[in-house]
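The values are calculated or read from the model by the stated rules, or taken from the named source; none is laboratory data. Computed from a predicted model, the values in this text were never measured in an experiment. Here Cβ is always computed from backbone atoms with ideal geometry, including for glycine, and neighbour counts include all displayed protein chains. Each accessible area value is taken on the protein alone, full model and side chains, heavy atoms only, with ligands, DNA and RNA left out. Shrake-Rupley method; radii C 1.70, N 1.55, O 1.52, S 1.80 Å.
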Amino acid sequence: MKVKFMGAARTVTGSCFIVEAGGRRFAVDCGMHQGNKEIEKRNWETANYEPATLEFILITHAHIDHAGLLPRIVKEGFRGPVYATPPTLDLLKILLADSAHIQEMEAQWKTRKRLRHGERNVEPLYTQRDAEATIGHFREVCYDQAVSPVPGITVTFRDAGHILGASILELTAEVEGGTTKLVFSGDVGRPDQLIIKDPTAIDAADYLFMESTYGNRDHKDEAASLDELAEAVAYSYQRQEKVIIPSFAVERTQELLYCFHLLNADGRLPKDMPVYVDSPLATAATEIFHRYTAYFDDESKALLRRGEDPLTLPQLRFTSSTEESMAINTAAGAAVVISASGMADAGRIRHHLRHNLWRPGASVVFVGFQAQGTTGRRIVDGAKSVRLFNEDIAVQARIFTINGFSAHAGQSQLLAWLERFRSPGLRVFLVHGEHEAQEVLAEKIKERFGYETAIPDYLEEVTLKPGGEIERIAYPEQAAPRIDWNYLLTDMEQRLQHLRERQTRLESKGWVEQTDVREKLLELNRKLTVLIAEI
Ligand SMILES: [Zn+2]
Ligand SMILES: [Zn+2]
């Protein structure tokens, strides 16, 4: 039996593992590669996946980094069924359409630019039509019911407690006269997340493919998050300004609604403070959540039984048209605005930031991870102004960063999940994590459980032999380009500029103690020289 790592190998995005067993060939997940330009090039190399020879695809959950390449694979000749839970498939219908729209817009924008240079059109990675064609391949699988897509392969989807419908896959293959069991963790949720259940404990496997996003750290003060949200509300309500929350459309927005529901029940959300969900995608996702309350955890179900819907509150408004969205900012008074994207680098949230970021008394609340290079990250990092719609907007609103909303298990939670396995010979492959995080986690696993743990690289192939023996074949020359040097250089140059400005400011104030700044400058200069030499 062979497993090939098509993505999420020493990086977080692009989850896809191609399995060959007993003459069968299929994939677990089919995620989009996201991050920098070098990594995103992999989205165009789908010929490597040999889509026409894949018999079926199992999808752990609806996130784009796990399912976003499906339309491309279908476009390139995949003909088989795609198995996932009903909520995952419903979420995918809206998320893939949205992703196709983004691909088309991006291609249009690039084409316009290219035509001006006398060059050829740019094709989108896939279109709305490809996304629609993908839906025809969907097959529903319920949690805890074993299915057999082809003779010899059986798979059971278990609740992963990550987002609605997310799954851990238990897969058994009858090969070479014996049974081999593989477990794919997908993304493992944080226990006690709002709305959804805790991750299912799995007790046996021969081989485990485990995510490691937070392999080197734990989440901070989870209980304090609700209080911080209440503080932002009180702060801006007193000043009759707005609370702006950049949020992901799926799960995070619904968790926020749950939090506001709790605050409202506690009397900590003023009755005359409207809460807007200003994102058509988030609105559609919230409707899907309402359809699948059977998947909610006991606390949420208890609320529902008492006639309380945890995803609604009297002050809640969903806005769909652009006019309604614009009207939020023309109306005076306090309000909460939840809008996408979650990292403030696209979508309606940018308009809300332009209107509110410069207003002392307003609040901006970050509730999710902010990647390097995004507007959200710059604000979190303390920028005095950010560029929005070709204008520098001063940051005078109060900035809150709330850490307690992660949908991923932290390091100790991952280890606690792993502790439930009762398989002495378990072999672990760490996937879906940055390399540094994976190395730390691999060490912990070896130390605590003694399991042999590998960190496969991009396009690496492993042969899993009976009796737990493993043979690894790596292709380092293909795996190598994962650093976007241009981005790194620009980032370094920006930091250098920032430090130079700081030094000038300090000097103009006549401050003598500047050794730390000078040392940092020297160190950055050194790093920059090394980088330039390497390019
Ligand atoms: Zn995920
Ligand atoms: Zn993921």
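General observations
- Condition check for residue 97: touching a His at 6+ places or on another chain (Cβ under 9 Å), surrounded by 15 or more Cβ atoms within 10 Å (Cβ to Cβ) and farther than 20 Å from residue 5 by Cα: no
- A count restricted to the stretch 201-217 and to residues that are part of a loop (DSSP other than H, G, I, E, B) and open to solvent by less than 40 Å² (accessible area, probe 1.4 Å) stands at 7.
- Only one of the numbered conditions (1) within 16 Å of ligand 2 (Cβ to nearest atom); (2) within 20 Å of residue 494 (Cα to Cα) is violated by residue 414, and that is (2).
- Single condition residue 248 does not satisfy, out of (1) within 16 Å of ligand 2 (Cβ to nearest atom); (2) hydrophobic (A, V, I, L, M, F, W, C); (3) touching a strand residue (DSSP E or B) at 6+ places or on another chain (Cβ under 7 Å): (3)
- Subset of the stretch 239-248 (residues that are open to solvent by 10 Å² or more (accessible area, probe 1.4 Å) and over 11 Å from residue 363 (Cβ atoms)): 240, 248
- Residue pairs meeting the criteria (Cβ under 7 Å; at least 6 apart or on separate chains; first open to solvent by 10 Å² or more (accessible area, probe 1.4 Å), in the stretch 397-409; second aromatic (Phe, Trp, Tyr) and within 15 Å of ligand 2 (Cβ to nearest atom)): 408/214
- Any strands (runs of 3 or more DSSP E) falling wholly within the stretch 279-381 and containing at least 2 residues that are open to solvent by 60 Å² or more (accessible area, probe 1.4 Å): 316-318
- Residue within the stretch 200-218 that is away from ligand 2 (no atom under 16 Å from the Cβ), modelled with pLDDT under 95, basic (Lys, Arg) and over 27 Å from residue 2 (Cβ atoms) present: yes
- Only one of the listed residues (185, 148) is of a type in the set (Gly, Ala, Ser) and within 16 Å of ligand 2 (Cβ to nearest atom). That residue is 185.
- Answer residue from the stretch 431-449, given it is away from ligand 1 (no atom under 16 Å from the Cβ) and hydrophobic (A, V, I, L, M, F, W, C) and is nearest to residue 3 (Cα to Cα) among those: 442
- Neighbours by Cβ (under 6 Å, 6+ apart or cross-chain): first from the stretch 504-523, modelled with pLDDT of 70 or more; second part of a helix (DSSP H, G or I) and surrounded by 11 or more Cβ atoms within 10 Å (Cβ to Cβ): 520/499; 521/499
This table checks each residue for (1) crowded, with 21+ Cβ neighbours inside 10 Å; (2) basic (Lys, Arg).
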residue: 9; (1), (2): yes, no
residue: 15; (1), (2): yes, no
residue: 19; (1), (2): yes, no
residue: 27; (1), (2): yes, no
residue: 34; (1), (2): no, no
residue: 41; (1), (2): no, yes
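- Odd one out for residue 406 among (1) in contact with a Phe, Trp or Tyr (Cβ under 6 Å, 6 or more places away or on another chain); (2) closer than 25 Å to residue 228 by Cβ: (1)
- Of all residues making up the stretch 436-457, the number that are in contact with a Lys or Arg (Cβ under 9 Å, 6 or more places away or on another chain) and closer than 18 Å to residue 207 by Cα: 8
- For the stretch 144-179, a residue qualifies if it is away from ligand 1 (no atom under 16 Å from the Cβ) and closer than 23 Å to residue 432 by Cα, and the qualifying residues are 155, 156, 170, 171, 172.
- Being more than 16 Å from ligand 1 (Cβ to nearest atom), at pLDDT below 95 and open to solvent by 10 Å² or more (accessible area, probe 1.4 Å) is a property that residue 120 has.
- The requirement of being within 16 Å of ligand 1 (Cβ to nearest atom) and over 17 Å from the mean Cα position of the chain (by Cα) is fulfilled somewhere in the stretch 206-228, by at least one residue.
- Where a residue in the stretch 64-77 is buried (at least 24 other Cβ atoms within 10 Å of the Cβ) and its partner, wherever it lies, is charged (D, E, K, R), with Cβ under 6 Å and at least six apart: 66/29; 71/130
- Scanning the stretch 161-200 for residues being charged (D, E, K, R), in contact with a strand residue (DSSP E or B) (Cβ under 7 Å, 6 or more places away or on another chain) and open to solvent by less than 30 Å² (accessible area, probe 1.4 Å) gives a total of 2.
- Scanning the stretch 60-79 for residues that are out of contact with any Cys (no Cβ under 7 Å at 6 or more places or on another chain) and within 16 Å of ligand 1 (Cβ to nearest atom) returns 60, 61, 62, 63, 64, 65, 66, 68.
- Yes/no for residue 36 being closer than 30 Å to residue 453 by Cα, modelled with pLDDT of 95 or more and in contact with a helix residue (DSSP H, G or I) (Cβ under 9 Å, 6 or more places away or on another chain): no
- A search for C-beta distances below 9 Å between a residue of the stretch 14-35 that is more than 13 Å from ligand 2 (Cβ to nearest atom) and in a loop (DSSP other than H, G, I, E, B) and any residue that is of a type outside the set (D, E, K, R) and open to solvent by less than 10 Å² (accessible area, probe 1.4 Å), counting only pairs 6+ apart in sequence or on different chains, returns 22/153; 22/173.
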